[in-house]
1. Would you please report the Å³ per residue occupied by the convex hull of the alpha carbon atoms in segment 288-365?
2. Counting DSSP beta bridges in segment 129-353, what percent are antiparallel, to the nearest 5?
3. Please give the Cα centre distance for segment 329-376 versus segment 200-221, rounded to the nearest Å.
4. Given the Cα-Cα distance of D44 and L232 and 0.36 nm per residue of separation, how much length would full extension add, in nm?
5. In Å, what is the Rg of the alpha-carbon atoms in the chain, and how long is Dmax?
6. Can you give the charge dipole size of segment 2-123 about its Cα centre, rounded to the nearest 20 debye, using +1 on the beta carbon of Lys and Arg and -1 on the beta carbon of Asp and Glu?
7. So how do C353, C303 line up by other beta-carbon neighbours within 10 Å, fewest first?
8. Ranked by Cβ crowding within 10 angstrom, fewest neighbours first, how are W61, W326 ordered?
Amino acid sequence: AFAKDTAIRSVRATIVDAPTRRRHKLSNTEVTHQGYVLVRILLDNGVSGIGEASTLGGPRWAEESVESIHAAVMNYLAPALQGQSALYFEANAIRMSKAASRNFAAKGAVESALLDAAGKTLGLPASALLGGAVRERMEVIWALASGDSGQELEEAREKLRHREHRQFKIKFGFNRPQADLIRLQALRSGLGDDVRLIVDVNQGWTESECIRFMPALEELDVALVEQPVSALQLEAMARVARRSSIPLLVDEAAFAKEEIARAASMGCGSVYSLKLVKSGGLFEMKRAAAVAAAHGLELYGGCLLESSIGAAAHLAAFATLPRLEWGTEHFGPRILVEDLVTNPIRFDEFEICVPDGPGLGVEIDEDKVRAYARKE
Ligand code: MUC
Ligand code: MG
């Protein structure tokens, strides 16, 4: 009877374009709006669940766009799940894999909505369904990405003053390396030596640029360098890692577990960035964490500028990991002009708090979603 009550009655996807507080630049794109697909799943018991797929600059950060995610959810994933119980997460993940290969953001949003609906049905937080939380909050990193070091310094100082963030990820690769280094130098001298700085090149450098410019990053006491070279150049990344005294963070180079195992075995880096857009589901993201950890990599809770909906899904899984050495970078809810929920995730004392209500623990703000929903 329970399985019948929790049968999936309908799956709906909505494209949302949510404005950001400022321009956010990456090596290969820049955004002033965040493109999301919100997935709403209604069960036979009348409970509905929400999930979110995030993109960055269309099909730029990864190959999925809001349009392709919408199409994958409505045409392939929804029919595969129709009438199935929401509670059989692994069985539903297998159904989705049979219906569509990769399409990780789309699958991640659907599974998040299933966990939300199941958690709301059972009165349990999603973290309980994912194994149970071992932490309620985690240190949260902020990204500096306007490209204007004066503005970035002011933004970082404000975050420090409000005791919201004391670790910053600086986006590199959209300038010449020399210009980015001048920018980093200004941030280091303006913020002092106690602030932890991470650099994300988003595949923007060649191996030769790494050889030339990584020593300057070492001089500036950068704690971590994320994805300096192309995701496809695993050998080059491994050579860069071998020369560097700064650990490398593997991001775009490894999505699937097998890719993580390969990148780790080759020595491409020492830390792995966990993201729903790479794993395609929260249970699978936990397995990604296990594979990375088994190869000796530390873990970093990655983001793709999600709203509180997508952030809550990530946090539910991050909360259950035995180890999460680098905390998380789920600053997305605060980069939006307006969050998409009525109860945004709380930031407190340099940490982000895992919502503890049933399901994802956030309530969608229908007015805001209507206002930002893309008109057909
Ligand atoms: C990425 O490559 O890590 C996360 C934070 C940010 O500024 O960009 C994203 C994606
Ligand atoms: Mg990255």
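1. 93 Å³
2. Working: 5 of 26 bridges.
The answer is about 20 percent antiparallel.
3. Taking the Cα centre of each part, segment 329-376 and segment 200-221 sit 34 Å apart.
4. Working: separation 188, 0.36 × 188 = 67.68 nm, distance 4.45 nm.
This chain segment gains 63.2 nm when fully extended.
5. 19.9, 65
6. Roughly 180 debye, rounded to the nearest 20.
7. Values: C353 16, C303 26.
Starting with the residue having the fewest Cβ neighbours, the order is C353, C303.
8. Working: W61 22, W326 25.
By the 10 Å Cβ count, ascending, the order reads W61, W326.
Laboratory data are not the source of any read-out in this text; all were calculated from the coordinates shown. Quantities reported herein were computed from a predicted structural model and do not represent experimental measurements. Don't worry about glycine lacking a Cβ; one is built from the backbone with ideal geometry, like all the others, and counts go over all protein chains shown.
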